[in-house]
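Note sheet for the following structure.
The values are calculated or read from the model by the stated rules, or taken from the named source; none is laboratory data. A quick note: this is a predicted structure, and the numbers were derived from the prediction, not measured. FYI the Cβ positions are ideal-geometry reconstructions off the backbone, even for glycines, and counts take in every protein chain you see. For the accessible areas, the whole protein counts, side chains as well, though only heavy atoms, and no ligand, DNA or RNA atoms are used. Shrake-Rupley method; radii C 1.70, N 1.55, O 1.52, S 1.80 Å.
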Amino acid sequence: MTKIKILAILVIVFTVSSCSNSDDSCIESVWYEDSDKDGFGNSEVTQLSCTQPENFVSNSDDIDDTNATLNPNTVWQGSKITFTKEDNADWTQEANQDRITDNVWITRADYHGIFNIAVEDYYTRALNPPSDTQWAIGTTADIGSLTFQYWEDMKNSYPYPDSIVNQDLVVHLITDNIYIDIKFTAWSIYDNGGGFSYERSTKN
């Protein structure tokens, strides 16, 4: 009887030990390919595995898995905020500047176009304002196919200065290498005080 009990115990121990080391004990997770090695995965290429496969990550947040410079750190698709500079408002005051980063502060004087007051005192057409930015027509959803130009060159695609209102645009902050969805919702034309307003995306 004692031999039978010992044998039974050995069988139970062996079974538990075998199960703990078998594939049946593995809980598979979904992993996403990170071919550009930027730490963000491609939602369309996945693999089930108990452990992390090489060149795969646990998130599916990448913007373009063929380009390591296009990811949630550089392509802002977060919640939208609205910035407004009223007609005749003092553009030298922080409240009337959209300080997107340390390098780019967008504002506008009482007339003419927008400029980057972080590095420019006024709008000067010859300097391609806003300095340190380029612009494209479209959205960051199509980032790979957009054509970026200086502000004035892009704006000249429209017949009138206020024709940019309600158009989908993307601004590229060159030094920061950040792409932002932006849509102007108001633009005072001619010498009517330089007011403007837009909504733009924030960091994810």
**Asked** So, in the stretch 90-129, of the ones that are open to solvent by less than 20 Å² (accessible area, probe 1.4 Å) and touching a Gly at 6+ places or on another chain (Cβ under 8 Å), which residue ends up farthest from residue 171 (Cα to Cα)?
**Response** 109
**Prompt:** For residue 155, which of the numbered conditions (1) open to solvent by less than 50 Å² (accessible area, probe 1.4 Å); (2) touching a strand residue (DSSP E or B) at 6+ places or on another chain (Cβ under 6 Å) fails to hold?
**Reply:** (2)
**Message:** Given the criteria touching a His at 6+ places or on another chain (Cβ under 6 Å), part of a loop (DSSP other than H, G, I, E, B) and either at pLDDT 95 or above or under 23 Å from residue 91 (Cα atoms) (or both), does residue 179 qualify?
**Reply:** no
**Item:** Scope the stretch 179-194; condition in contact (Cβ under 8 Å) with a residue 24 or more places away in the chain and touching a strand residue (DSSP E or B) at 6+ places or on another chain (Cβ under 6 Å); matching residues
**Value:** 179, 180, 181, 185, 186, 187, 194
**Request:** Could you tell me whether residue 84 is of a type outside the set (Lys, Arg), touching a strand residue (DSSP E or B) at 6+ places or on another chain (Cβ under 9 Å) and assigned to a strand (DSSP E or B)?
**Result:** yes
**Asked** Within the stretch 194-202, can one find any residue that is surrounded by 13 or more Cβ atoms within 10 Å (Cβ to Cβ) and modelled with pLDDT under 95?
**Response** no
**Asked** Can you name every residue in the stretch 1-33 that is at pLDDT 90 or above, surrounded by 10 or more Cβ atoms within 10 Å (Cβ to Cβ) and not in a strand (DSSP E or B)?
**Response** 28
**Message:** Where the second residue is of a type in the set (Ser, Thr, Tyr) and open to solvent by less than 70 Å² (accessible area, probe 1.4 Å) and the first is farther than 14 Å from residue 172 by Cα and lies in the stretch 140-156, which pairs have Cβ atoms under 9 Å and are six or more apart or on separate chains?
**Reply:** 155/163
**Request:** Inspect the stretch 137-147 for any residue being open to solvent by less than 10 Å² (accessible area, probe 1.4 Å), under 15 Å from the mean Cα position of the chain (by Cα) and not small (Gly, Ala, Ser) and give the result as yes or no.
**Result:** yes
